[in-house]
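Since the structure comes first, as structure tokens, the remarks are kept for the end.
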Amino acid sequence: LARVSEPFAPLINDQRAALLGLLSEMQADAWDRVTICDPWTVKDVAAHLVELELQFGRVLRGESNEIAMDNDEAVERWRRVDGDTVRFSIWHHGSATQRVINTRPGDSWGRVVTHMGQPMELRRALPMHLFELAVHSWDISSALVVPSVWGERAGPLVGWFVDEAPRALALTPASGAIEVVVPETGPRLLDGRSGEWEAGDDVSSATARWETDAETLLLATTGRLPIGDALARSKVEGDRALLEAVLEDWQLAR
């Protein structure tokens, strides 16, 4: 059988390993630190990731066709155990999920599953999986006041995230075109001139230009960094008001 050649598959494994390294090195009392996902603590965020591994594993094995989870209920299930048990569970269930990812036949990734009621190919679950691991790894590293553990994975993640922006902005009034420039990915275009947001590549006609780095983009568009602060760390040209409006809605969509 042809095995998985999906580009996000090894990145998931690497991000999980980086997260586990971070959790292994921290002090025992750090599990109780509150994260930006207040009131969730470091342990709560880690527990959320255990449940995500379980959820993605069930979908990847074909036991479920729906990617959906009650986050608060899932975290509550882990409140009675200690942090080391949660860390071990990320490793245990994540390893099992990764084995499924690594051994799926290549033609099986076209299977249709649903996410929030919307159909999609199974392969689209892989960048979603990486996104959850990476962003919540940042939540933990931020609470611990240590550098993020994204490494070179931030580039592919941002590329996917910007390409998915039209889907996130489906209810946002569309106008103008925004060139998004991130060194790790090169330029991307969010084009709203047709009345709907679309991904594009003709950046020469952009009405606004946002030049930033991968971390700033991800933090701003997930509500972890105030938009004003994000733009202060960026280079903005053209229609700044359009860019600010899109970023505000992008945050709400997450």
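Values computed for the structure shown
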item	result
Criterion (open to solvent by less than 10 Å² (accessible area, probe 1.4 Å) and free of Cβ contacts under 8 Å to residues at least 40 places away in the same chain) met by exactly one of Val162, Val182, Val158	Val182
Residue under evaluation Thr221, criteria (1) open to solvent by less than 40 Å² (accessible area, probe 1.4 Å); (2) touching a Ser or Thr at 6+ places or on another chain (Cβ under 7 Å); (3) among the polar types (S, T, N, Q), criterion not met	(2)
Test: residue in segment 129-151 that is closer than 29 Å to Trp31 by Cβ, in a loop (DSSP other than H, G, I, E, B) and without any contact (Cβ under 8 Å) to a residue 40 or more places away in the chain	yes
Neighbours by Cβ (under 8 Å, 6+ apart or cross-chain): first from segment 21-41, within 20 Å of Trp91 (Cα to Cα); second in a loop (DSSP other than H, G, I, E, B)	Gly21/Val149; Leu22/Val146; Leu22/Val149; Trp31/Asp82; Thr41/Arg33; Thr41/Thr35
Any hit, segment 16-28, residues being over 22 Å from Ala154 (Cα atoms) and outside any helix (DSSP H, G or I)	yes
Residue that is nearest to Asp163 (Cα to Cα) [pool: residues in segment 229-243 that are in a helix (DSSP H, G or I) and either at pLDDT below 95 or among the aliphatic types (A, V, I, L, M) (or both)]	Leu243
Residues of segment 29-57 classified as touching a helix residue (DSSP H, G or I) at 6+ places or on another chain (Cβ under 9 Å) and part of a helix (DSSP H, G or I), total	19
Hits in segment 185-196 - residues which are open to solvent by 20 Å² or more (accessible area, probe 1.4 Å) and either assigned to a helix (DSSP H, G or I) or touching a helix residue (DSSP H, G or I) at 6+ places or on another chain (Cβ under 7 Å) (or both)	Thr185, Pro187, Arg188
Residues located in segment 201-218, provided they are surrounded by fewer than 18 Cβ atoms within 10 Å (Cβ to Cβ) and either within 21 Å of the chain's Cα centre (by Cα) or not in a loop (DSSP other than H, G, I, E, B) (or both)	Val203, Ser204, Ser205, Glu211, Asp213
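The values are calculated or read from the model by the stated rules, or taken from the named source; none is laboratory data. What you see is a predicted model, and the numbers here were worked out from it, not measured in a lab. Because the Cβ atoms are built from the backbone with ideal geometry, glycine has one as well, and the counts that use them run over all protein chains shown. For accessibility, only protein heavy atoms count, side chains too; no ligands or nucleic acids. Shrake-Rupley method; radii C 1.70, N 1.55, O 1.52, S 1.80 Å.
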